[in-house]
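Contents: one structure, followed by commentary.
The values are calculated or read from the model by the stated rules, or taken from the named source; none is laboratory data. Fair warning: this is a prediction, and the values are worked out from it, not measured in the lab. We place every Cβ from the backbone using ideal geometry, glycine too, and count neighbours over all the protein chains shown. What goes into the accessible areas is simple: the full protein's heavy atoms, side chains included, and nothing from ligands, DNA or RNA. Shrake-Rupley method; radii C 1.70, N 1.55, O 1.52, S 1.80 Å.
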Amino acid sequence: MKISKYGRSVKFAVAAAEVMLATFCVVCIGIVFCNAVISVPNRINSMHVNYYISPFSKTAAFADSDVFNDMVYDNMNDVIRYCVIRGQLETDGKFDEDKEIDIEQFARHLEEVPITETSICYRLGDLIQWGQSGESVTLKEYSYEEAEQMIAQAHEDGGFAGEVEGEIIWSHTDLETGAVLAEEITIWEAERTESESVEYDDTVADGTDSAGEAVYEEPERFVDLPVERYLPVDGKSILAHVDSVEELEEMVFYLGETVHMLQDNYESYREYREYFDKTDTNFYYYVFKEDGTDTEVFTNVQELISLNDRDAAELQLASMGRYLSFQPADFSYETNTSIREEQVRNIWNSYRYAYPDDTSVYIGIDTAFSRPDAFRSAEESYRMAAPGYLFILLSIFCGIGALVLFGIMTHMSGKKQGTEGITLLWFDRWHTEVAGMIAAGITGALFFMTGVAASELYWGSGDRSRMLITLTLGTALTVSMFLFFWLSLVRRVKAGTFWKNFLIYYIYLKCKHLILAIYDDSRSVVRVWVPYLLFVGANAILIGAGGVYPAFLLDIPVGIFLYRSNKIRKRILEGIGNIRDGNLDYQIDTERMHGDSRILAEAVNSIGNGIRQAVETSVKDERMKADLITNVSHDIKTPLTSIINYVDLIKREPVENEKIKGYLEVLESKSQRLKQLTEDLVEVSKISSGNIVLQCENLNLVELMNQTIGEFSEKFEERGLQVIASMEEKPLLIYADSRRIWRVMENLFNNVCKYAMKHTRVYVELKALKEEKGPGRVWLSVKNISEQPLRIGVEDLTERFIRGDVARSTEGSGLGLSIAKNLTELQKGRLEIISDGDLFKVVITFPLVVSLKEKECVAWERK
């Protein structure tokens, strides 16, 4: 790990530069927005509307700008709506409060459906005053039967109504008694009766019929009737104009809609009249409507009010500078603004229900802006707005520099001069959730303060100098705190403590340690019954408090724990299997194990280590023994060869003394025996160390056995042994080393000559055995009668230096059968010894070769 070379002064300088560049970038952007945004008084109320001017698209003249065209479009939209409202509220160009309004026709003027024959008309003034009272239509609740009776009575006596001392009195006749009743409703006390709604449950039967079937009754129905603050123009109640309760409910709905819409339209009418019909304006309009012989003109140009000449009006408005002419019936549209015909048609389609087909709209704007209105204010602000190219470039460069420094600070975070690794500060050790909430709270508050300053700066609602100072300070504080919290986060991530410092993780570790302490406890009561009782108790509490789902959430980690325990058990079993199969270097990972599982896994690892050390020691000892035998054999072989040679030389000399001749015979016999012993020792050493090399080829074992029997015929005759051979006539091929196979047969027949009872038979049998798969095997059996009883197990006879003659009264080294077995197994064969009383039998099998094709013999390497 590299040693850090960043000191405090370097980090402080980079941080200060980062804050300065970021703050200056934001301030430059704020200045650009201040210069690129113009604030225009709203055309309707005292509010201001802001228009953004792109520094790259500002035109020389205000009349050619997008701001101007947006203002014209908005004013034209309001003019067309204003003319619609004037048509609803005015008669002959003046507001007419006595104008009759059909409530159904007015409420459904946007619907393309036929209007019913019922016509209920109210005075325009009454409907507006009804809406200005602060309420729409006050309703009272009656039952359906009462409403039907009241409608019938109203049709019978005309529903007399009159105004008495500030009260509306409605009289009707009680259908039961015939008495005339009068209900007084005080205007200022007329409020809607809030009755409790009756809930009807259609799943509960109200009774049963004669057949025992459940009978359900319909719930009682209620109807809301209006408290008639004002009456229709004919002086009759609204009840006298309808024939059914359903029709009454429709008319009450239309009445409410009409009152609501007229109230809104009246407020808009006053605002539009205040704005469009004043003399100090640069925006002029002329709307001409012609429906048959009836014509109607709406304009704010005094000399055009009584003029029904559309051409003259168009000519006069076009001479003002910017104009717009639109005749929807002729699909005629002319303008020298940037407003498209589709935009105008969208406005027209919204209000065409109120205009006849023959309508003309003319708009003119005085581009000299000689009068003090919104257009003049916008034009002055537009001329003062500066593109601010310098501040744009500065903000770009400062932003790039801030990003570069931000990356450098992120890289340097946590690195302390002269130390390795990551150095944490005091705040970095706080819990991550706590630090995150503090960071979000402080940074969010500063960001909100900065955003308020930027918003006020954008909307121009305060002193711009003060707002720029607030924006600068707010940005500097926000960037500083953001860098503090960000670098803390970076240090946590680099040091790997981000997740570890979570409070939830801390609680998790404490719970885990408690659980593991219980699990590692050696006492069965603590390790088994305490967790079980806690689990059962927690499930019972959760099921009782919140049902099955919370308990299911608790069962999930328990299931995970059981699954992991089973995986650990499986790993231990795999480790035992590997050690059993001879992989003594295998070690079970016990890092995440606890309790008995860890103890068992460590015990298995210890057993494996012990066995490996024992095997290594045994192999080492065996190698040392083999090396010793080899070295001793070589050391003995040199003088032994000299002894044999000199004995042979002495025998060639004429020796008359018979006793000396006897000595020479004994000396020659013993030297030859010692030579054979050393050769056997060298052979065993080679086999044990794996240094033996086989030269394999296809051999005819029948022929080899005949040769071997011929070689040993003299020895057999000396002991009176008769060989009974039973061999197949056809060749039986095996793939083996001829020299090593001869050594195997030689050791077997030498063993027969030494230990077989004299004057007995020796049975040799050679044949081929068939197998279900493969070509089969060659089977060789040599049987004889032992001269001495065997006092050891047959499995020990193939061990080195083990002899059947425990007293060692015969010649031999005890290596013959061991060498024969090892050489047989090296050549893919198998040697087995069977003893039944005095019957001694040796069975050798080799794979049968069916072709004479040579195969490569792989050298055997002892592991």
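Scanning segment 597-643 for residues that are touching an Asp or Glu at 6+ places or on another chain (Cβ under 9 Å) and charged (D, E, K, R), which turns out modelled with the lowest pLDDT? For segment 597-643, the residue satisfying everything is K637.
With the condition kept exactly as written, say whether any residue in segment 574-597 is in a helix (DSSP H, G or I), free of Cβ contacts under 8 Å to residues at least 40 places away in the same chain, over 30 Å from L509 (Cα atoms) and open to solvent by 90 Å² or more (accessible area, probe 1.4 Å). Among the residues of segment 574-597, at least one is in a helix (DSSP H, G or I), free of Cβ contacts under 8 Å to residues at least 40 places away in the same chain, over 30 Å from L509 (Cα atoms) and open to solvent by 90 Å² or more (accessible area, probe 1.4 Å), which makes the answer yes. Checking each residue in segment 675-724 for being modelled with pLDDT under 75, under 27 Å from N784 (Cα atoms) and of a type in the set (S, T, N, Q) picks out only Q676.
For segment 295-307, the criterion of being within 19 Å of S360 (Cα to Cα), in a strand (DSSP E or B) and in contact with a Phe, Trp or Tyr (Cβ under 6 Å, 6 or more places away or on another chain) is satisfied by at least one residue.
Results for (1) crowded, with 18+ Cβ neighbours inside 10 Å; (2) at pLDDT 85 or above; (3) of a type in the set (S, T, Y), shown as yes or no for each residue.
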position: F397; (1), (2), (3): no, yes, no
position: I408; (1), (2), (3): no, yes, no
position: G414; (1), (2), (3): yes, no, no
position: L424; (1), (2), (3): no, no, no
position: A454; (1), (2), (3): yes, no, no
position: G460; (1), (2), (3): no, no, no
position: S465; (1), (2), (3): no, no, yes
position: T475; (1), (2), (3): yes, yes, yes
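Considering only segment 142-153, state which residues are exposed (fewer than 15 other Cβ atoms within 10 Å of the Cβ) and of a type outside the set (F, W, Y).
S143, E145, E146, A152
For segment 24-31, the count of residues that are closer than 30 Å to S338 by Cα, open to solvent by less than 60 Å² (accessible area, probe 1.4 Å) and either of a type outside the set (G, A, S) or at pLDDT 75 or above (or both) is at least one.
The one condition from (1) more than 30 Å from D294 (Cβ to Cβ); (2) touching a Gly at 6+ places or on another chain (Cβ under 8 Å) that M320 does not meet is (1). Every condition in (1) assigned to a helix (DSSP H, G or I); (2) exposed (fewer than 13 other Cβ atoms within 10 Å of the Cβ); (3) at pLDDT 80 or above is met by P654 except one, and the failing one is (1). Would you pick out the residues in segment 409-456 that are of a type in the set (A, V, I, L, M), within 14 Å of V14 (Cβ to Cβ) and more than 31 Å from the chain's Cα centre (by Cα)? Correct list: M412 only.
Residue-wise test of (1) out of contact with any helix residue (DSSP H, G or I) (no Cβ under 7 Å at 6 or more places or on another chain); (2) at pLDDT below 85; (3) not in a loop (DSSP other than H, G, I, E, B).
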site	(1), (2), (3)
V198	yes, yes, no
D201	yes, yes, no
L225	no, yes, yes
E271	yes, no, yes
D280	yes, yes, no
Y285	no, no, yes
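The set of residues in segment 378-422 that are in contact (Cβ under 8 Å) with a residue 40 or more places away in the chain and closer than 30 Å to Y505 by Cβ comprises F406, M409, T410, M412, S413, G414, K415, K416, T419, E420, G421, I422.
In segment 634-646 there is no residue that is over 30 Å from R571 (Cα atoms), loosely packed, with under 15 Cβ neighbours inside 10 Å and in contact (Cβ under 8 Å) with a residue 60 or more places away in the chain.
Against the numbered list (1) open to solvent by less than 60 Å² (accessible area, probe 1.4 Å); (2) under 30 Å from F535 (Cα atoms); (3) of a type in the set (S, T, N, Q), N605 comes up short only at (2). Considering only residues in segment 711-751 that are hydrophobic (A, V, I, L, M, F, W, C) and assigned to a strand (DSSP E or B), the one that is surrounded by the fewest Cβ atoms within 10 Å (Cβ to Cβ) turns out to be I724. When each of S325, S268 is tested for being within 60 Å of the chain's Cα centre (by Cα), open to solvent by less than 70 Å² (accessible area, probe 1.4 Å) and under 20 Å from R86 (Cβ atoms), the lone residue that passes is S268. Scanning segment 312-326 for residues that are of a type outside the set (S, T, Y), at pLDDT below 90 and not in a helix (DSSP H, G or I) yields M320, G321. All of (1) within 30 Å of V434 (Cα to Cα); (2) at pLDDT 80 or above; (3) touching a helix residue (DSSP H, G or I) at 6+ places or on another chain (Cβ under 8 Å); (4) not aromatic (F, W, Y) hold for L554 with one exception: (2).
Residues that are hydrophobic (A, V, I, L, M, F, W, C) and buried (at least 18 other Cβ atoms within 10 Å of the Cβ) were ranked within segment 754-767; the one that is farthest from E787 (Cα to Cα) is L766. What are the residues in segment 557-608 that are touching a Gly at 6+ places or on another chain (Cβ under 7 Å) and hydroxyl-bearing (S, T, Y), if any? Y586, the sole residue that qualifies.
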